[in-house]
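Heads up, the thing below is written out as structure tokens.
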Amino acid sequence: MAGLKDDPVLGTKDIIEKREGAETKDAVISKQREEEGQGDGEMAPHTGNSIHRSGSRPQLDLSKAAIQGNSEERDPTILLPNQSDDISHLALDIGGSLIKLVYFSRHEDRSINDKRKKMVKERLGISNGNRRSYPILGGRLHFVKFETRKINDCLDFISSKQLHLGGVDSHRWLSETPANCNAVIKATGGGAYKFADLFKERLGVSLDKEDEMDCLVAGANFLLKAIRHEAFTHMEGQKEFVQIDQNDLFPYLLVNIGSGVSMIKVDGDGKFERVSGTNVGGGTYWGLGRLLTKCKSFDELLELSQRGDNRTIDMLVGDIYGGMDYSKIGLSASTIASSFGKAISEKKELEDYRPEDISLSLLRMISYNIGQIAYLNALRFGLKRIFFGGFFIRGHAYTMDTISFAVHFWSKGEAQAMFLRHEGFLGALGAFMSYEKHGLDDLMVHQLVERFPMGAPYTGGKIHGPPLGDLNEKISWMEKFVLKGTEITAPVPMDPPGTTGLGGFEVPSSKGGTLRSDASALNVGVLHLVPTLEVFPLLADPKMYEPNTIDLSDHNELEYWFTVLSGHLPDLVDKAVASEGGTDDAKRRGDAFARAFSAHLARLMEEPAAYGKLGLANLLELREECLREFHFVDAYRSIKQRENEASLAVLPDLLMELDSMTEEMRLLTLIEGVLAANIFDWGSSACVDLYHKGTIIEIYRMSRNKMQRPWQVDDFDVFKERMLDNPHKRALLFVDNSGADIVLGMLPLARELLRRGTEVVLVANSLPALNDVTAMELPDIVAEAAKHCDVLRRAAEAGGLLVDAMINTLDGSKENSSSVPLMVVENGCGSPCIDLRQVSSELAAAAKDADLIVLEGMGRALHTNFNARFKCDVLKLAMVKNQRLAEKLIKGNIYDCVCRYEPAS
Ligand SMILES: CC(C)(COP(=O)(O)O)[C@@H](O)C(=O)NCCC(=O)O
Ligand SMILES: [Mn+2]
């Protein structure tokens, strides 16, 4: 921080000091209690405040809702007999070696239609009568697989989760009618015929068979349109996600590598032709491999290849040309001239070759051949893009590199091989899509959020993780996780996949010692369907928008943030456990959370693109999601309450001081106030260290005192000109932290805007994240503040915020509601950052008339959106509370400030 400067608010300091005594004592006591882990009333779990993304979800018909089974359970199933939407929620692809399941669940959808939401809807003109435009409800799409030979495990799984009770021909899943025998499940793959009787016998359900090709194409089309980071290239070990333009998807070649290989030219939804195929596929690799190596499973064979050297068995160009390249036709000495060709000239028997080398040679032979045939077919039909799917690939770096090389080599770089993250689930997903009326096919990229909970992947017929959603089992499993280390297959670290480099002609790198058998499953999360999410309408160019400022594909960055977040863990766990009353149950959950989050971090360190393209925002959100997964509703609740109270106590004096200033001075003081108060950030370790050194108000005052212009990024003068020149019509204030940040920073700024005739919409998180204020908490804070301020009171009344609040107005008058409104909308997320491609419908509606955006805080204005361009004026305000970020982003130091103003573009 640059040198000291006098507090611009003359006298405010003294007044704050006077009031602060009372606050300080309470704060200290409360802090002590918290540190000692003494849960009091304030710290006890907040039962009425269940997690929900209410604004992001369509409404449910809750009438006659009843709990099914044991109502003592933490999350009992709730039956909604009057809910009329059609839900089809299980589809299968039963292949020769694997059964793939896709199923839909919606148990977490607990929309609450609170008063604030009603008012916001009224004010923003959001209609309620459009339910049919969202034919599906919010929910989740799960991906699970089993080995076909362990079909009984699969049937047990379906039965235990009652997945077979929601078939197309009934609404039984939603009603209290007992299961009948007419349930129908969509299924594809040969096993849909082979095992039809078994399904009938064991589960009483009929399998409705869907054509395999139809399903593959429907699945691929859905994924390519709906999942942002679905397709990627893989060259020389580098994975790169490809942004597919929905309007420029067709035509493409889909190569599905199962036991055999199908090549399908896809021209549109339901428009395709199987143009070629080859009988040399995954079955060939596995069959020949088993005979030649005595391996017991496909994965074992694949794992062997990781340690192989195919040069001992393949005949290379160099073997023929005396170690030279055949450069005239572009073949390097290391090019395979003939797979297994060396075996003809050497007097060796099968036993003389290493199984590892045989496996690698076989894998390369088949992958290369498939890549080449695929390319020739793409050439035949003039197709530039080739997508490869099917469980043969299994996320195996070496296989992908070999296929990519073949396509690249033969097309002279003109065509590109792309792979799909959900490679093995195309058929099952397609079968799921074949249910009518679920509306899934209408979903767009921005309506799907992918999450990676612990225990998501089930593979191989064994349950490699706890049953989904069962918290207790999940925790026990996390406890075992430590005992068994990486043996447990879940999102845990795996060795870096071996790769071969361009051409795949080198041997796999030795560091890839083991291949995790479920590598590909681990790259598939649970898809949360949130039909009401929208793209923020004020983004200047949504297609070019990239929320993350820091790209974690840079390994140094990843390592740094990994260390930072690991360092935060012990303290976070303490806070989370205390927030739930410090009970034994909370401690156990806290421990499980720490293990789970550490496992995610370790996994991402090894393979940063494992969960899709990784930015810092994703990592910060993953932490919050992981807390929620272990039922920590709001780890910072008591801290937030304490800081709100302390700040509200000094607000009236701050407002009085502000009112005594000239317009220009006031504006500067307000912006300084926002920046100074942004120091209250429990996500920054530097700041948390500071909090031990003083009370909230002392730190706030110190931060104010140290403000000195010019800030490291300082567009204040341009902003001031614009502000004073002509008031904005509507401002969206993306607020950040609780306490001083909102109360002494953003609310006074909102008040100024309101006073100048600008409508103000406070945009806050839908779910808690660190000490960020949420949309649920804001109305009460505003109501408290409004007790001391007429401007806020009138605006809050006009915005419908004070409908319930029993506030003592300053003048007792109620008649003046002609004021411009102050509203609160939720942003649709539960993270310290914001991805503006996926915001709540109420925020999207509020944005329509807005001509000013204020993004506040590191998470929303720096980690994300620092480079974002908008259709309207934008002010990005933040204090940088991390030294490395300050150096990197603004060539400054920790506690430097950013006031970046960008007029409409
Ligand atoms: C999590 C945060 C983005 C929150 O910052 P805010 O948006 O509240 O200003 C920030 O505190 C952060 O980047 N913390 C991690 C780095 C650190 O401990 O320095
Ligand atoms: Mn914050």
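Read-outs throughout are calculated quantities, based only on the coordinates presented, and are distinct from any laboratory measurement. Computed from a predicted model, the values in this text were never measured in an experiment. Please note: Cβ atoms are built from the backbone with ideal geometry, for glycine as well, and neighbour counts cover all protein chains shown.
To the nearest 0.05, how large is the calculated FRET efficiency for Arg274 and Glu122 if R₀ is 56 Å and r is the Cβ-Cβ distance?
0.55
For a test of the definition: using alpha carbon positions, the gyration tensor, and the 1.5 limit on a/c, classify region 555-614 as rounded, prolate or oblate.
Prolate shape, in that a/c is at least 1.5 and a/b is the bigger ratio.
Would you mind calculating the gained length between Ser159 and Lys587 on full extension (0.36 nm times residue separation, minus the Cα-Cα distance), in nm to one decimal?
Taking 0.36 nm per residue and subtracting the Cα distance, the gain is 150.8 nm.
Note down the net charge around Ala220, summing +1 for each Lys or Arg and -1 for each Asp or Glu among other residues with Cβ under 10 Å from its Cβ.
-1
Return the long-range amide H neighbours of Gly277 (sequence gap of 5 or more, or a different chain), with a cut-off of under 5 Å between placed amide H atoms.
The answer is Met263.
Given a Förster radius of 25 Å and the C-beta distance between Met656 and Glu721 as r, what FRET efficiency does 1/(1 + (r/R0)^6) yield to the nearest 0.05?
For Met656 and Glu721, the calculated efficiency is 0.40.
Just add up the charged neighbours of Thr188: K/R +1, D/E -1, any other residue whose Cβ is under 9 Å from the Cβ of Thr188.
-3
Using θ = phi - 60° and the Karplus relation 6.51 cos²θ - 1.76 cosθ + 1.60, list the HN-Hα couplings for region 767-783 in order, rounded to whole Hz, with x at every Gly or Pro.
My calculation for region 767-783 gives 10, x, 8, 6, 9, 5, 6, 9, 5, 5, 7, 4, x, 5, 5, 4, 4 Hz in order.
Once you put a point 7 Å from the Cα of Gln243 and another 7 Å from the Cα of Glu606, both along the Cβ direction, what distance in nm separates them?
A separation of 3.1 nm, rounded to one decimal place.
Where does each of Lys117, Lys729, Lys412, Lys100 land when they are ranked from fewest to most other beta-carbon atoms within 10 angstrom?
Listed from fewest to most nearby Cβ atoms, that is Lys412, Lys729, Lys117, Lys100.
Can you give the FRET efficiency for Lys194 and His555, using 1/(1 + (r/R0)^6), R0 = 45 Å, r = Cβ-Cβ distance, to the nearest 0.05?
The formula returns an efficiency of 0.45 here.
Hey, can you grab everything whose amide H is under 5 Å from the amide H of Val824? Only 5+ residues off in sequence or another chain; H modelled, so Pro and N-termini drop out.
Sorted by chain and number, the residues that satisfy this are Leu762.
Give Lys474/Lys640; Lys225/Lys613; Lys239/Lys271; Lys543/Lys876 a once-over and call out the pairs whose C-alpha atoms are over 18 Å from each other.
Going by Cα-Cα distance, Lys474/Lys640; Lys239/Lys271; Lys543/Lys876 fall outside the 18 Å limit.
So, counting K/R as plus one and D/E as minus one, what does the shell of residues with Cβ under 12 Å around Glu414 add up to?
Neighbourhood net charge equals +3.
Over 19 Å between C-alpha atoms is what I'm after, so list which of Lys100/Lys294; Lys150/Lys200; Lys587/Lys881 land there.
Lys100/Lys294; Lys587/Lys881
For His229, His234, what ranking results if the residue with the fewest other Cβ atoms within 10 Å of its Cβ goes first?
His229, His234
Listing Glu784, Glu351, Glu663 from the residue with the fewest other Cβ atoms within 10 Å to the one with the most, what is the order?
Result, fewest neighbours first: Glu351, Glu663, Glu784.
Would you kindly state how much longer the chain becomes between Phe381 and Phe250 on full extension, computed as 0.36 nm times their sequence separation minus their alpha carbon distance, in nm to one decimal?
So the extension gain works out to 45.9 nm.
Under a 5 Å amide H to amide H cut-off, with H placed in plane at 1.01 Å, what residues pair with Phe388 once short-range neighbours are removed?
HN-HN under 5 Å from Phe388: Val255, Met418, Phe419, Leu420.
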